[in-house]
């Protein structure tokens, strides 16, 4: 299969996908944005492409494990897995499903049976074959009872996995689950033989089938990967992808450090640019800025399980007292937007409902109605992060002005997590991550089992709506259900979604054809260095 | 540091009470004041400290803006006449925050040094006077505290107690205890062998009286020098603690926390880091100059150079 992403118009993409109706909707919704991204790049003839070179990438979160099974969900992990492994599908920056190991897939009428036709001739880096059995092994490993895999819960809906032949995989679900295709599609497939052979060491010396293979890595150090000479996807020049000789991934959590090292040429790619720096690097002739489909939402959380914020009217007073636009403008330097729920702009499920109005008088009235005409003192616990700190001081000023007097308590992350997990927080700030994959990826906020529900928000009606949305295949209907969730969430004012800042990455100008997929992961097989 | 200052402070007030005790004390103060004026370092140091102290006390008069309230329409303005040191990422006047921050930074320095001396000096006195088991145990305890790098230990304590200016103060003060204890002990060991102490003991003075009346006053000079110098250290440690988020809680404007908040903007708005940094340097200089000057005055061997 020849993959040239420039040619991958939505129509071509649909040709192999029998469940085209839903995808067609997804594509039309995302189409305009997709074209804009693609069109921004200069079209180069194939013979101009230069092979070779090393791409050094600076990531915010250092790699925690090379095995997705034990990953601590660092951004460096996700970015590395995209180059080290293949998955059934990949999701373009704008939410389109792109075939990868699965050349074709069908879903039965009842939404219970998923049949994948698989690419043949795919070899793991250890020489073993990636076939239906290998994928079955992976899924069973990830979803097993007691699995440490972060997405294990989402795979528990599977009832059986069968591999009738090497190129066919049939998965049967216990209940219809529309997000399943995305959830199962992006799972990295590791080599079963290597898992058996390496055991615990697999997380240090991963074996996948991706365009790059492991060369060296130790926890806390820079990771090196080299070109997979036998990669199964063929480039337009007749030789296999990738174009690059090697890939280096280094963790650098500090925004300023990553930026300085990008400018000095120490790195070719910087995973994330702080919004404050975008203006200054836009004028650098050696740097290009790339908008990703990923965004970081900022959330004010109120603990509804204990006094005083078990009082819904009081929570609504807080909600009305927050000038969301002013907060997001300040922290994003104008690049951010307000949101009623953590869905990114550009996704088919983006909900453009207006955020609750900022109204000081209404807030004061609600405060009095809640039984606090003389105001109230609350503790505002935040994690020690620069943006949280900045938001907290604005929120404090806005709440102080209506009579909710806050004391900011800056805590270490683990201390904060302990405080909120024990439901002893009062008012707090959360950050999230949002990608245009599926609305269900945000379900953790309302889950009664997920650790991500730090406030202990328990609204059975919302969970019921989400379940309903997950069983529905019709996209328009799903969107309607999520709009209901949004309205309930806004009314409850437990998680007050303030706004989101789109994730912007930056690369040296020589980096050509770097796509971002599933939000912000780097698709590097067709990337080359124009030097 | 040289601590043989014994000769410089009149060792006379020993046996029996002087009839003209008051007058002797007055003369001695005049002598110190005269020497003080001759030490340029001491004068410069004291001037800086006094000015900063005035700024701290009069902060609300010097800058009328509330240093904690964001002015979102006015962020990251470069220094100008309306905002001498520019504005920060939340539109607040940096000059006003530094002025108000003087209260926190100097207050922390003063209280942390107070904690160090209040605990450190008595420990040193006891350990020096009763050299046996008591002294050994106390000093080994002090050694074990000093075995840790000071800033690291302060960070450990502050993070255990939780962020906040009060806890930062306790942490900084605690870390300073062994230094004062060792110094005080050294002085006791030196002084208690001197004749006038034996004389006092011979005339029936109790241990407490000997410590209070004879040993402490004569060992005070190096402790004063050390207090000034460690005030400088306390300001730096507070800045370090605030820089890692363990000092002042927002929106309190401590200089260290201003540095921390301003550092990410170093290329975009350098004034956010430069001015708090200068304030920290100035206060540190002030205390160190004062300390060095005082040492020169108290130490006869350094005098006249």
Quiz item: Fewest to most neighbouring Cβ within 10 Å: what's the order for B:289, B:119?
Solution: B:119, B:289
Practice problem: On a C-alpha basis, how far is the centre of the stretch A:492-521 from the centre of the stretch A:309-359 in Å? Whole number, if you could? | Solution: 18
Practice problem: Let me know the shape class of chain B, please: from the alpha-carbon gyration tensor, a ≥ b ≥ c as square roots of the eigenvalues, rounded when a/c is under 1.5, otherwise prolate if a/b is greater than b/c, or oblate. | Solution: prolate
Quiz prompt | Alpha-carbon centroids, the stretch B:260-289 and the stretch B:184-216: separation in whole Å | solution = 46
Self-check item: Candidates B:239, B:24, B:283: whichever shows maximal mean-square fluctuation once chain B is modelled as a Gaussian network with Cα springs under 10 Å
Solution: B:24
Quiz item: P(r) of the stretch A:294-503 in 10 Å steps, Cα pairs, percent per bin?
Solution: 9, 36, 38, 15, 2, 0
Quiz item: With each label point set 7 Å from Cα along the Cα-Cβ vector, what nm distance links residue A:129 and residue A:476?
Solution: 4.6
Quiz item: Out of B:106, B:141, B:241, any idea which swings most in a Gaussian network model of chain B, alpha carbons joined below 10 Å?
Solution: B:141
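Order of B:198-207, A:228-237 by packing, highest average Cβ count within 10 Å first? Before the final figure, lay out each step's value.
Details: B:198-207: 12.5, A:228-237: 16.6.
So the peptides B:198-207, A:228-237, ranked by packing, come out A:228-237, B:198-207.
Calculate the tail of P(r) for the protein assembly as shown: the fraction of all Cα-Cα distances greater than 41 Å, expressed in %.
Details: 166417 of 349030 pairs.
Distances greater than 41 Å cover 48 percent of the Cα pairs.
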Practice problem: Before rounding to the nearest 500, sum -39500 (n - 2.57) across all DSSP H runs of length at least 4 in the protein assembly as shown and divide by the residue total; then give [θ] at 222 nm in deg cm²/dmol. | Solution: -14000 deg cm²/dmol
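What share of the DSSP beta bridges in chain A is antiparallel, in percent to the nearest 5?
Within chain A, antiparallel bridges account for around 75 percent of the total.
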Quiz prompt | Acute angle (nearest 10 degrees) that the helix B:133-146 long axis makes with the longest principal axis of chain B, alpha-carbon atoms | solution = 20
Self-check item: On Cα atoms only, tilt of B:21-38 relative to the major axis of chain B in degrees
Solution: 50
Quiz item: Ranking B:166, A:505, A:434 by Cβ neighbours within 10 Å, fewest first, what do you get?
Solution: B:166, A:505, A:434
Quiz item: Relative contact order for the stretch A:67-167 using alpha-carbon pairs under 8 Å, separation at least 6, rounded to a whole percent?
Solution: 22
Quiz item: So how tilted is helix B:271-298 from the main axis of chain B? Cα-based, degrees 0 to 90, rounded to 10.
Solution: 10
Quiz item: Taking chain B as a Gaussian network, where each spring joins two C-alpha atoms under 10 Å apart, which residue of B:67, B:178, B:270 fluctuates the most?
Solution: B:270
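List the relative contact order of the stretch A:294-503 as a percent without decimals, with contacts defined as Cα pairs under 8 Å and 6+ residues apart. All intermediate terms of the calculation are to be shown ahead of the outcome.
Numbers: 396 pairs, mean separation 79.4, N = 210.
Relative contact order, the stretch A:294-503: 38 percent.
Values in this text are rule-based calculations from the coordinates and carry no lab data. Here the structure is a predicted model, which means the values were calculated and not measured. We place every Cβ from the backbone using ideal geometry, glycine too, and count neighbours over all the protein chains shown.
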